[in-house]
Every structure is written in C-alpha cells, then in structure tokens.
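J.: Have a look at the structure that comes next, please.
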Amino acid sequence: MKVITSPVEIQTVAQDFRAKQLTIGLVPTMGFFHNGHVALMKEAGRRADKVIVSLFVNPLQFGPSEDFDTYPHAFEKDCQIAEDAGVDILYTPNKKDMYSEEFATTIQVKGLTSGLCGGDRPGHFDGVTTVVGKLFNQTLPHIAVFGEKDFQQLAVIRQFVRDLDFPISIIGYPIVREANGLAMSSRNSYLKKDEMDAALCLSTAIRYAKNLVRKQQNIAVSDIEKKVADTLLKHSECTIDYIQIVHQNTLQNCTQISSDSILLIAVKINNRIRLIDNSKLTGG
Ligand code: AMP
C-alpha cells in the first residue's frame, strides 16, 4: 500500500490508473479505523480494480464547539488496517494543501441538509459536500462507498452527485455493529465504561421500535417516537438531539410507517459525546 499526501500526486496516479483502464473505488474517511471502515474498504475492493482510502479530518465540517481538535487518531495502526483490507492507496492530504488561504468555494445542498444533523450542526453538510467534491476531483473514482450509519450524509451526497453530474456511482453500505448492537464509530473511543452502557440505549431503542411496528402495524408515527424517547431517557446520561421517522429518500417526516420509513436518532451522552444510529422499521 502506498501513502500519498499530495493532491497533485494522487490525481496523477488516478489519471494513470484510468489510462490503464483500471477502475477506481474511493472510501472517504476521517481515520481511526474500525470494522465499519474495513467493510467499506473491502466493498470498494469488490467493485473496483484499485481502492483509494482518503484519511482527512476535515475542519470545514466541525462546528466551533465540536471535537475537531480532539478527534481520535492512530496513523500507524490505520496504515496497517488499510493494508490488511487490501487498500492500494491511503491518501492523507494536509490541511493547507486542501484549503489554501484563498480558498473561497462551498458546495451546498439545500433541503436535505436543513433538518436532523443539519439542524443540530449548522454548516456541517456544506463542509462534507465541499471536501467530498474536492476528493472526487483529486482521486477520480468510478465508485465511492459511504456508510448508511451516516444516513443523511449518504442522501446528501447522492443528491449533489446527481445535481453536479459527477460520473460516480455512490454505494451505500449497511451499518456495522459491535456484538452488543452498538453501531461502530470512531467516537465510541470517547466513551468511558459506564457511558458505553448508556450508549447501548440507541440500538436498544431501535430494536424496541421495530418490535412495536411488528406487533402493531398501524401504530402512529408519533407514538413510536414518543415511546423511543421514553426508552432513551431512562438513561440519565442521555439527552436527545432528535428522534425522527422519515422517508428514506426525501428525509421528510412520514405520516405512516411503510417499507420506506427510517428511524433516525441522535443523542448526546453526558452532553459530551454525540452518537447517531438509524434503522428501517420494517423487514429484517
Ligand atoms: P468517518 O471516518 O466516521 O467519517 O466515516 C467514514 C465512512 O465510514 C463514512 O461513510 C461512514 O458512514 C462510514 N462508517 C462509519 N461507521 C460505520 C459503521 N459502523 N458501519 C458502516 N459504515 C460506517
């Protein structure tokens, strides 16, 4: 596996792959790899000849009171994990090469970004789409793999790729969970032992909501949201950012449950650690 830091070099390498008729799969990440990241890397490897993983903690997508400065990192370990997952190139640009002092462009998707995480984290998705647009132009992928864990992010990226005619297939990959149900996340490393137990409230609440739907097919959306809130608030460490049941494509609130309904939850543990999770409410 090759490590590249220069945007010019990665673009040259990508052009060279394309000249040789090799397809490129990109997995954008912020590092501190876990098995969710590994699953995305392997999926890219199944779908493309060459896999590029970007590792860049993007300042544009963090709010002023968020964890940009403390975001976990373990570069040597990440290199080993990526290499073991069959990645060809780990691309780790530095901040000043990504954003020169004159940098003045924002890619902004309207509508889909206004609620949910976009409501709680103003400007977050502008940062995501702007950096992903740059990464696409630098790495020239045929496909790019994103996790369904960040469900709203995936919807926003699909929209911007459609709107701006990027010739890239966007692949969504299901959430990878710990054996106890907790969705894997780099931010789980912030959790102390007792907070880890509280964090499990997310996947427990999702299982509970799915059971409610299985037992009462006509249950009102507001009833499910209320019962999920009650379950979460049994944990004193937990505060709710949002609980919403939305249509999977439009992210608009559902009026009744269908196979397109998705429950999205964001909580804070001890006002310090923000965790998200989601699930369809019918099937599996
Ligand atoms: P991050 O490094 O947290 O920005 O995540 C990089 C990519 O990995 C994003 O597309 C995430 O949605 C995806 N991802 C993070 N956690 C998981 C998970 N538990 N399962 C599947 N994909 C994930």
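The values are calculated or read from the model by the stated rules, or taken from the named source; none is laboratory data. Not measured: the values here are computed from a predicted model. Methodologically, a virtual Cβ is constructed for each residue, glycine included, from the backbone with ideal geometry; neighbour enumeration extends over all protein chains shown.
J.: Which of the numbered conditions does Ile10 fail, given that it passes all the others? Conditions: (1) under 25 Å from the mean Cα position of the chain (by Cα); (2) more than 11 Å from the ligand (Cβ to nearest atom); (3) of a type in the set (Val, Ile, Thr); (4) surrounded by fewer than 21 Cβ atoms within 10 Å (Cβ to Cβ).
T.: Condition not satisfied by Ile10: (4).
Rundown of residues vs (1) of a type outside the set (A, V, I, L, M, F, W, C); (2) part of a helix (DSSP H, G or I); (3) free of Cβ contacts under 8 Å to residues at least 60 places away in the same chain, yes/no style:
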residue: Gly31; (1), (2), (3): yes, no, no
residue: Glu43; (1), (2), (3): yes, yes, no
residue: Val57; (1), (2), (3): no, no, yes
residue: Asp69; (1), (2), (3): yes, no, yes
residue: His73; (1), (2), (3): yes, no, yes
residue: Lys77; (1), (2), (3): yes, yes, yes
residue: Ala82; (1), (2), (3): no, yes, no
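J.: Given Arg177, Arg162, which one is within 13 Å of the ligand (Cβ to nearest atom) and surrounded by fewer than 22 Cβ atoms within 10 Å (Cβ to Cβ)?
T.: Answer to the selection: Arg177.
J.: Something else: For the condition over 18 Å from the mean Cα position of the chain (by Cα) and surrounded by 13 or more Cβ atoms within 10 Å (Cβ to Cβ), what is the one hit in Glu101, Glu83, Glu66, Glu76?
T.: On inspection, the qualifying residue turns out to be Glu83.
J.: Restricting attention to the stretch 125-145, report how many residues are crowded, with 21+ Cβ neighbours inside 10 Å and within 12 Å of the ligand (Cβ to nearest atom).
T.: Count: 6.
J.: Output the residues belonging to the stretch 30-63 that are over 24 Å from Ile107 (Cβ atoms), buried (at least 20 other Cβ atoms within 10 Å of the Cβ) and more than 14 Å from the ligand (Cβ to nearest atom).
T.: Matches in the stretch 30-63: Lys50 only.
J.: Further question: Identify, from the list Asp97, Asp84, Asp78, Asp88, the residue that is at pLDDT 95 or above and in contact with a helix residue (DSSP H, G or I) (Cβ under 7 Å, 6 or more places away or on another chain).
T.: Testing whether each residue is at pLDDT 95 or above and in contact with a helix residue (DSSP H, G or I) (Cβ under 7 Å, 6 or more places away or on another chain) leaves just Asp97.
J.: I would also like to ask the following. Any idea which of Ser169, Ser186, Ser203 is of a type in the set (Ser, Thr, Tyr), touching a Phe, Trp or Tyr at 6+ places or on another chain (Cβ under 9 Å) and within 16 Å of the ligand (Cβ to nearest atom)?
T.: Among Ser169, Ser186, Ser203, only Ser186 is of a type in the set (Ser, Thr, Tyr), touching a Phe, Trp or Tyr at 6+ places or on another chain (Cβ under 9 Å) and within 16 Å of the ligand (Cβ to nearest atom).
J.: Same structure, new question: What pairs come up if the first residue lies in the stretch 1-17 and is more than 16 Å from Lys134 (Cβ to Cβ) and without any contact (Cβ under 8 Å) to a residue 12 or more places away in the chain, the second is assigned to a helix (DSSP H, G or I) and of a type outside the set (Phe, Trp, Tyr), and their beta carbons are under 6 Å apart, counting only those six or more places apart or on different chains?
T.: none
J.: Here is a follow-up. Check off (1) crowded, with 16+ Cβ neighbours inside 10 Å; (2) more than 19 Å from Phe56 (Cα to Cα) for Gly119 and give me the number that stays unchecked.
T.: Gly119 satisfies every listed condition except (1).
J.: For a quick check of your reading of the model, give me the residue pairs whose first member lies in the stretch 89-107 and is β-branched (Val, Ile, Thr), whose second is buried (at least 18 other Cβ atoms within 10 Å of the Cβ), with beta-carbon atoms closer than 6 Å and at least 6 apart or on different chains.
T.: Filtered contacts from the stretch 89-107: Ile89/Ile4; Ile89/Ile52; Thr92/Leu55; Thr106/Asp126; Thr106/Thr130; Ile107/Thr129; Ile107/Thr130; Ile107/Gly133.
J.: Which of the numbered conditions does Asp230 fail, given that it passes all the others? Conditions: (1) farther than 29 Å from Phe33 by Cβ; (2) in contact with a helix residue (DSSP H, G or I) (Cβ under 7 Å, 6 or more places away or on another chain); (3) of a type in the set (Asp, Glu).
T.: (2)
J.: Quick test of your reading of the structure: Leu154 fulfils all but one of (1) in contact with a Leu (Cβ under 6 Å, 6 or more places away or on another chain); (2) over 25 Å from Thr5 (Cβ atoms); (3) within 12 Å of the ligand (Cβ to nearest atom). Name the failing condition by number.
T.: Tallying (1) in contact with a Leu (Cβ under 6 Å, 6 or more places away or on another chain); (2) over 25 Å from Thr5 (Cβ atoms); (3) within 12 Å of the ligand (Cβ to nearest atom), Leu154 fails exactly one: (1).
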